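S.K.: This structure is in structure tokens; I'll ask about it shortly.
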Amino acid sequence: VNCERFESQLEAFLDGTLSDVERRAAESHRSSCVACDALASTWAEVAGALGPEALAVPGVDLAGSIVERTSGAACGRAQSMLCDLVDAVLPAADAELVRAHVQNCTRCAALHATLCWLQRELPPLAAVQPDAQLTSDILSVTAGMRQRRTPLHHGVRDWFARLVARPRFAWEVAYVGTLIVVLLFGTSASPFRSVPERALAIIQIDPRDAVGGASQRLRDLHGGIGNVGARAWDATAGRALQSSRDAGAAYADQHPGMHDALADFRAHGGELRQHLSGRNFAGASLMLQAMGGDVRALWNSWTAPPPEARP
Amino acid sequence: MDIGPLLDRCRQGDELAWEALVRGHQARIYGLAYHYVGSAEEARDLTQDVFIRIYKGLDACTEPGHFVPWTIRIARNACIDHLRRRKARPPSQDLPVDEAWDLAAGGPSPEDDYVADSRRRLVHLALQTLSELSREIILLKDIQGLQFEEIATLLDIPIGTLKSRSNRARLELARKVLALSGGRVPPENEAGAASAPGVPRTPRAPREENLQ
């Protein structure tokens, strides 16, 4: 028992309502502490002078009633700082005053204790364990969206690889290609209906007349833009074309199958052009089918690993 | 694994990382949804919906430190949308929460475990009696542990106002808890709290008015 504890038990001690153990501890402290002994003696004298009912009035109520009659009850101000006291963010002086009030005010003490209790009880409420099935349900729902999380070019490449690998790919190319060709060149309302005839007319022009007429006009233009055009071509498209040719050649060296597939594709493209010039759509359709096969061969040779990388 | 690398892996389409993320955060999302809607079944559906939104928006969360507030914001918006829809629904289609719970309960369910804890039940019930804003502040600040700045952004109120409202809300909650437990400070063990008077077993649905 220390002085503070002795003071809090003083009324009960003098009233004789302490337990034996508490009473012995209080007596022991009183005998060793001059100040507490004096306090107990004084209090006993006052109680004796005022009568037994004086002890029945708790000291805190007396202080409370004095405060209430003077400055007004301090509970409102104490409660406004209780949360900060619980959070330990209150300045030391304020904390000491609020703590002192809480020790002597039953209502604020209960609030303070409940706030401390809530501080322990609330954070664990953040996580409520759902049933075990929820995780798998979430994963199965989001699994369908996984493809979308892969980069776009990977998605396109995978889609095209699956498309090319289908056995009927060449037929589908022929079907779709023929449809497009007929729509573009074959019907009376086609926008390019007269293109093959015009191409034929161009081919049938006497080259000497064409060259003679055109060369004069070209000479006129050449002086003005010839040099600029040549420089622009060399700087942009010419360089890009050369680079792509070099890269293509280097890549084709690594993938020998591409040479053959590319040659076939070009040959079939030439035949397709001839069929279109002659308005032979059946032949064009067959060429489109062949070109579909060439596309698959090109893809396979392009995606195949280089010879040195193969096991 | 830290949340940063985990998020990176999720963005790259790593299923294992996504599973770990779901397992690590589902209880928090489910708990938040449960506190908002007051029904385990609806909280479960909402949790799925929230994780779908998180999955779709993973690229938007570039700062790992903002992941938890970001998920809470998504969950809150989903819950409020859900409550608005529920409020707009014709009354004849609504099931009372207690009845819905009874229908959903086929055995020991999470909410059984949750409500079986009488201290939590006491807090849950006291929370339901608070005003909507006070309850949301308690939910976000004291339960979910968000910072004042994050909550102020979420609720669109000044931070000074939020701090004073937070203190008032906590005091209000403490008074409700005291009132529900007969003026006594709730005990630390379950046995004492179970005998707290006036604490019914089934949680009530939160009020929906004033939800922004």
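S.K.: Restricting the search to segment B:16-39, which residues are closer than 26 Å to B:Lys87 by Cβ and within 8 Å of another protein chain (Cβ to nearest Cβ)?
M.R.: Those that are closer than 26 Å to B:Lys87 by Cβ and within 8 Å of another protein chain (Cβ to nearest Cβ): B:Arg28, B:Tyr30, B:Gly31, B:Leu32, B:Tyr34, B:His35.
S.K.: Here is a further query. Tally the residues that are under 23 Å from B:Asn77 (Cα atoms), open to solvent by less than 50 Å² (accessible area, probe 1.4 Å) and assigned to a helix (DSSP H, G or I), restricting the search to segment B:16-45.
M.R.: Counting residues in segment B:16-45 that are under 23 Å from B:Asn77 (Cα atoms), open to solvent by less than 50 Å² (accessible area, probe 1.4 Å) and assigned to a helix (DSSP H, G or I) gives 19.
S.K.: While we're on this one: For residues in segment B:4-15 being buried (at least 16 other Cβ atoms within 10 Å of the Cβ) and in contact (Cβ under 8 Å) with a residue 40 or more places away in the chain, which is farthest from the other protein chains (Cβ to nearest Cβ)?
M.R.: Looking at the filtered set, the residue picked out is B:Leu7.
S.K.: Among the residues of segment B:111-120, are any charged (D, E, K, R), at pLDDT below 85 and open to solvent by less than 20 Å² (accessible area, probe 1.4 Å)?
M.R.: Yes, the conditions are met somewhere in segment B:111-120.
S.K.: Can you tell me which residues in segment B:118-146 are in contact with a Gly (Cβ under 9 Å, 6 or more places away or on another chain) and more than 10 Å from chain A (Cβ to nearest Cβ)?
M.R.: Across segment B:118-146, the qualifying residues are B:Ser118, B:Leu125, B:Gln128.
S.K.: Mind listing whichever residues of segment B:157-189 are within 9 Å of chain A (Cβ to nearest Cβ) and in contact with a Pro (Cβ under 7 Å, 6 or more places away or on another chain)?
M.R.: Within segment B:157-189, B:Val177 is the sole residue that qualifies.
S.K.: Any residue in segment A:113-124 that is in a loop (DSSP other than H, G, I, E, B), under 30 Å from B:Glu19 (Cβ atoms) and at pLDDT below 90?
M.R.: Yes, segment A:113-124 contains at least one residue that is in a loop (DSSP other than H, G, I, E, B), under 30 Å from B:Glu19 (Cβ atoms) and at pLDDT below 90.
S.K.: Suppose the filter is open to solvent by 60 Å² or more (accessible area, probe 1.4 Å) and in contact (Cβ under 8 Å) with a residue 12 or more places away in the chain; does A:Glu7 pass it?
M.R.: In short, yes.
S.K.: Of the residues that sit in segment A:125-141 and are outside any helix (DSSP H, G or I) and at the interface with another protein chain (Cβ under 7 Å from one of its Cβ atoms), which one is most open to solvent (accessible area, probe 1.4 Å)?
M.R.: So, considering only residues that are outside any helix (DSSP H, G or I) and at the interface with another protein chain (Cβ under 7 Å from one of its Cβ atoms), the one most open to solvent (accessible area, probe 1.4 Å) is A:Gln129.
S.K.: Considering only segment B:43-64, state which residues are away from chain A (no Cβ under 12 Å) and touching a residue at least 40 places away in the same chain (Cβ under 8 Å).
M.R.: B:Cys61, B:Pro64
S.K.: Let me ask something else. Could you tell me which numbered condition A:Asp234 fails, if it satisfies all but one of (1) open to solvent by 70 Å² or more (accessible area, probe 1.4 Å); (2) modelled with pLDDT of 75 or more; (3) over 21 Å from A:Phe169 (Cβ atoms)?
M.R.: Failed condition: (2).
S.K.: Which numbered condition trips up B:Gly13, out of (1) at positive phi; (2) assigned to a helix (DSSP H, G or I)?
M.R.: (2)
The values are calculated or read from the model by the stated rules, or taken from the named source; none is laboratory data. None of these values were measured; they are calculated from a predicted model. Cβ atoms come from the backbone with ideal geometry, glycine included; neighbour counts cover every protein chain shown. Heavy atoms of the whole protein, side chains included, go into the accessibility calculation; ligands, DNA and RNA do not. Shrake-Rupley method; radii C 1.70, N 1.55, O 1.52, S 1.80 Å.
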